[in-house]
Amino acid sequence: MRRPGIAVVGVALVCSGLACTPEEAEASTTTLGVAAAPSLSAAFTEIVGIFEDENPGVRVHLELGRSDDISEGLSDRTDLNVFASASEDAMAHAVERGTAAEPRVFARNHVVVAVPSGNPRQVRGLDDLARPDLRVGLCDVSAPCGKAAEKLLLAAGVTPAEVTWEVGSRALSARLADHELDVGIVYRTDVAGSHGWVSDVDASADIDEQERELMREAGTTRYVLARVPGGEVGPDAETKRIAAAGFRELVTSERGRQALRNAGLGPLPA
């Protein structure tokens, strides 16, 4: 997905005459590549919008993908400058290989028991995932949401009777919204982004408080933000470096933390 052009603080756009023509502006534009986990989509779209408004000289390309896949491919990418991972392991591997640098945990998310709107099968909590009459959906264990769900189910001592596996939380939420599944474990951000088609059982007044706390603790994913040195190449390498630093600073600023909160994420204190 390509976003409109944005500029970085401290980088001036130089054009002939009193104003830039469209051709001159395009020729002077530097592209900043940002790769992020899909569960960061809403928050990063808002953050990019803020960055665009304040800095009109660098074009941002926002790429969404599985953190493990992005991490593995960084060594071959010169078009990425910022990596926001939903997997601490994936980020650690990238840092170890030297394809990511200056990692910083900046937000957290947690999984919840989710159902189609109206909760037609009257699911009340984690124990219901063991009911043989329910169509249960879980993220694949290779995905961050799958790892969080696995940890949560293990802590709760619950073994689902039969499971349909999905590649990620967004795909699983879509199947819940279409009533193809009766219950699943997804990120709360995907419930928030479903526009009411998926409900969070955690919001129910009669859910056990201990179970609610377990979801928040055992089922948590921490997000890590880092610089991608491999993207700092070419004649505008310094501009890209400054741009990447400015974007990362915005993500961790109060305005960035508010965007994370708006998307249902839990930002870490400054």
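The values are calculated or read from the model by the stated rules, or taken from the named source; none is laboratory data. This is a predicted model, so every value here is computed, not measured. Note: ideal-geometry Cβ built from the backbone for every residue, glycine included; neighbour counts use all protein chains shown. In case anyone asks, the SASA skips ligands and DNA or RNA and just uses the protein heavy atoms, side chains included. Shrake-Rupley method; radii C 1.70, N 1.55, O 1.52, S 1.80 Å.
Name the one entry in 181, 176 that is at pLDDT 95 or above, out of contact with any helix residue (DSSP H, G or I) (no Cβ under 6 Å at 6 or more places or on another chain) and open to solvent by less than 10 Å² (accessible area, probe 1.4 Å).
Details: 181 fails: out of contact with any helix residue (DSSP H, G or I) (no Cβ under 6 Å at 6 or more places or on another chain).
Step by step, each of 181, 176 is checked, and only 176 is at pLDDT 95 or above, out of contact with any helix residue (DSSP H, G or I) (no Cβ under 6 Å at 6 or more places or on another chain) and open to solvent by less than 10 Å² (accessible area, probe 1.4 Å).
Give region 117-146 a look and list any residue that's open to solvent by 10 Å² or more (accessible area, probe 1.4 Å), closer than 16 Å to residue 87 by Cα and out of contact with any Ser or Thr (no Cβ under 6 Å at 6 or more places or on another chain), or say none. Hits for region 117-146 are 140, 141, 142. The single condition among (1) under 16 Å from residue 247 (Cβ atoms); (2) in a loop (DSSP other than H, G, I, E, B) that residue 78 does not meet is (1).
Residues of region 60-75 that are part of a helix (DSSP H, G or I), open to solvent by 10 Å² or more (accessible area, probe 1.4 Å) and touching a Gly at 6+ places or on another chain (Cβ under 8 Å): 75 alone. So residue 166 fits all but one of (1) touching a residue at least 40 places away in the same chain (Cβ under 8 Å); (2) buried (at least 20 other Cβ atoms within 10 Å of the Cβ); what number is the exception? All conditions pass for residue 166, except number (1). Exactly one residue out of 84, 156, 149 is open to solvent by less than 40 Å² (accessible area, probe 1.4 Å), out of contact with any strand residue (DSSP E or B) (no Cβ under 8 Å at 6 or more places or on another chain), of a type in the set (Gly, Ala, Ser) and in contact (Cβ under 8 Å) with a residue 24 or more places away in the chain, and it is 156. In region 66-81, the residues that are in contact (Cβ under 8 Å) with a residue 60 or more places away in the chain reach residues that are open to solvent by 80 Å² or more (accessible area, probe 1.4 Å) with C-beta atoms within less than 9 angstrom, at least six apart or across chains, in these pairs: 66/167; 67/89; 68/89; 68/93; 74/97; 75/97; 81/241.
Considering only residues in region 248-261 that are over 13 Å from the mean Cα position of the chain (by Cα) and closer than 20 Å to residue 192 by Cα, the one that is surrounded by the most Cβ atoms within 10 Å (Cβ to Cβ) turns out to be 256. Among the residues making up region 233-245, those that are out of contact with any Ser or Thr (no Cβ under 9 Å at 6 or more places or on another chain) and surrounded by fewer than 21 Cβ atoms within 10 Å (Cβ to Cβ) are 235, 237, 238, 241, 242, 245. The single condition from (1) outside any helix (DSSP H, G or I); (2) within 24 Å of residue 73 (Cα to Cα); (3) over 19 Å from the mean Cα position of the chain (by Cα) that residue 238 fails is (1).
Per-residue answers, yes or no, for (1) farther than 25 Å from residue 220 by Cβ; (2) among the aliphatic types (A, V, I, L, M):
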| site | (1), (2) |
| --- | --- |
| 76 | yes, no |
| 82 | no, yes |
| 89 | no, no |
| 96 | no, no |
| 105 | no, yes |
| 114 | no, yes |
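The requirement of being at pLDDT below 95 and closer than 30 Å to residue 74 by Cβ is fulfilled nowhere in region 198-217; no residue meets it.
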